[in-house]
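Chemist: First the structure, which I've put down as structure tokens, then a few questions once you've had a look.
None of the figures in this text is laboratory data; all of them are computed from the coordinates on show. Since we're looking at a predicted model, the values are computed, not measured. Positions of Cβ are backbone-derived with ideal geometry, glycine not excepted, and every protein chain shown enters the neighbour counts.
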Amino acid sequence: MQPPVPMDVDPIDDGPKYMSAVSQPPSSPNSPHSSSSPLKEEEARHAIDMLRGDDVAGRVAAANKLEAVATTLGQERTREELLPFLSDNIDDEDEVLVAIATSLGKLVDQVGGPDHADKLLVPLELLLTVEENTVRDAAAISTQIVAEALPLNVFRSRYAALLEDLADKEWFTARISAASLLASAYPKLTNVQQDSFLRYFESLCKDDTPMVRRVAAQKLGDMLRSVVSAKGRQSFTEEVPNIIIPLYEWLANTDQPDSVRLQTTNNCVVFGQVLSGVIGPTETELELVDKLIPLVIATIDDRSWRVRWTAASKFASVIEAYDALPKADELIPAYEKLLQDPEAEVRTAATYNLAAVAKCSAMVAPPAGRMDIAGEEGKITVAERLVKRVTNLTEDDSEHVRAALAMIATDLAPILGKDATISHLVPPVLLLLRDAASEVRLNLISSLSSLNEVIGVDLLSQSLLPAILDLAQDAKWRIRSAIIKQ
């Protein structure tokens, strides 16, 4: 058997002599390939030269043309020459490796389709272990593309073995890649493999290296979706309460570094979405909510302002995920704490979500000392409770908080209704119109249409006309322009 053409010799037309012995059909002058084929070969030859060259930009450009190079070489030579060449040249600049990693995901057809796609896993596995995270991220995306193309038996053997090797490697970068890929592989594995992979994932969540735990925490929600998708409702009595929820609690623990705890809110949203999608939840399934709500609320009191900011910025998604579940009302007092957070950045992020949180369908207790506004069951809507916070926010020390409030305050009007808007929302709106900061005034003027649709132009004019006339003579031209447009 002849050895393959080494890639340090041009594979297009400068290879060893035995290559020229292979007979080639003569090209007819009228052949559709007679003019285009040499051009493609020339481009491929140039790309290979650039891959060997010293110019980084040239190597990046060549790496981005690997699909064309592989098409010109053909499937067999791509498998036997191009892929080994790439595997031997992993020690390159990061931008070159990113381009190679991205291109490898496009070569499934060029290596011979699904039956030979596993050959692409060899260079991809090497790229999944490099130190630079952008290279690993690109390699992970391409690896998933290739994995989806694999026949099921190859997926469960070759690809599963690759992930196990990554999870077992000593160098932490390989374990990071394993943590990012295990969840997507889970549904296509056998039951025995699924149990094994869940144990691998559990081990990665408790890895000694914080960077591995961070990626595992990012993928916890994906693993939950995969487990529920593969196992069905049975998972709510086995894998979810026995493995997934304890991992969530472990990763949300205050002993974890900030980078790990930052994922708590995102995971909380996914857990709520999955549980909300269950039709007719059982008592056991509802008990999971009892475990999750305290974990969500705990992020509000986290020592790190970044964790609290993440919770504040995503609280609308949290409410949407848990709105249909019991105890959603317990989230509202937690949200109010975010509106009073010591850090202005957290208050600003929470304020942007005010109108979205106010749409929560849960009934809540009125503010302390305001039982007079409660209904027959001693409850009021979330919007009625949160509108009481608007006046306090108009007096916030931070201009950014007031500007955020001015942008979304009038969105409360359709939720409150006409009477409550006139009684509780119009007075703080007037305060915002006279705010000392021009950005606050401008944001409020730009959002008056929502208020107009609820209370009507006549009432709007009566309530706000004096303030608007004052603003028509504002020193800031943008304010005067906004008044004209409104």
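Chemist: If you take the charge dipole of the range 231-364 about its Cα centre, with +1 on Lys and Arg Cβ and -1 on Asp and Glu Cβ, which of Leu292, Phe236, Tyr322 is farthest toward its positive end?
Modeler: Tyr322
Chemist: Also: With only alpha-carbon pairs counted, each pair once and no self-pairs, how large is the Kirkwood hydrodynamic radius of the range 297-416 in angstroms?
Modeler: 14.4 Å
Chemist: Provide the gained length on full extension for the span Asp255 to Leu430, in nm with one decimal, where the gain is 0.36 nm per separating residue minus the Cα-Cα distance.
Modeler: The Asp255-Leu430 span can extend by a further 58.4 nm.
Chemist: Using a cut-off of under 19 Å, list every residue of the range 256-289 whose amide N is near the label point 7 Å from the Cα of Ala230 along the Cα-to-beta-carbon line.
Modeler: Counting backbone N atoms under 19 Å from the label point, the list is 271, 274-275.
Chemist: Where the centre of each part is set by its Cα atoms, how far does the range 149-166 sit from the range 303-343, in angstrom?
Modeler: 40 Å
Chemist: Stretched out fully, how many nm does the piece from Asn392 to Arg156 gain, at 0.36 nm a residue minus the Cα gap?
Modeler: Difference between extended and current length: 79.1 nm.
Chemist: Separate question: Please report the net charge: other residues with Cβ closer than 15 Å to the Cβ of Ile244, K and R +1, D and E -1.
Modeler: -1
Chemist: Under a plain spin-label model, where a point goes 7 Å from the Cα along Cα-to-Cβ, how far apart in nm are Ser438 and Glu42?
Modeler: Computed distance between label sites Ser438 and Glu42 equals 6.0 nm.
Chemist: Taking the alpha-carbon centroid of each part, what is the distance from the range 388-437 to the range 173-226 in angstrom?
Modeler: Between the Cα centres of the range 388-437 and the range 173-226 lies a distance of 45 Å.
Chemist: With a point put 7 Å past each Cα toward its Cβ, work out how far Trp305 is from Asp323 in nm, to one decimal.
Modeler: 3.2 nm
Chemist: Here's something else I'd like to know. State which entries of Lys65/Lys188; Lys206/Lys291; Lys206/Lys327; Lys359/Lys379 exceed 24 angstrom in Cα-Cα distance in the structure shown.
Modeler: Listed pairs above 24 Å: Lys65/Lys188; Lys206/Lys327.
Chemist: About its Cα centre, how strong a charge dipole does the range 157-299 have in debye, to the nearest 20, once Lys and Arg get +1 and Asp and Glu get -1 at the Cβ?
Modeler: Charge dipole of the range 157-299: 420 debye, to the nearest 20.
Chemist: Residues in the range 275-301, backbone N under 20 Å from the label point at Glu330 (7 Å along the Cα-to-beta-carbon vector): list them, ranges by number please.
Modeler: Within reach of a label on Glu330: 275-278, 281-301.
Chemist: To continue, here is another question. Which length gain, in nm to one decimal place, applies between Val278 and Glu238 when the Cα-Cα distance is subtracted from 0.36 nm times their residue separation?
Modeler: 12.8 nm
Chemist: With a Förster radius of 30 Å, plug the Cβ-Cβ distance of Asp94 and Lys206 into 1/(1 + (r/R0)^6) and report the FRET value to the nearest 0.05.
Modeler: 0.50
Chemist: Near Gly105, within a Cβ-to-Cβ distance under 13 Å, what is the net charge of the other residues, with Lys and Arg +1 and Asp and Glu -1?
Modeler: Once positives and negatives cancel, what remains is -3.
Chemist: Which net charge results for the neighbourhood of Pro427, defined as the other residues with beta-carbon distances under 12 angstrom from its beta-carbon, given Lys and Arg at +1 and Asp and Glu at -1?
Modeler: Surrounding charge for Pro427 is +2.
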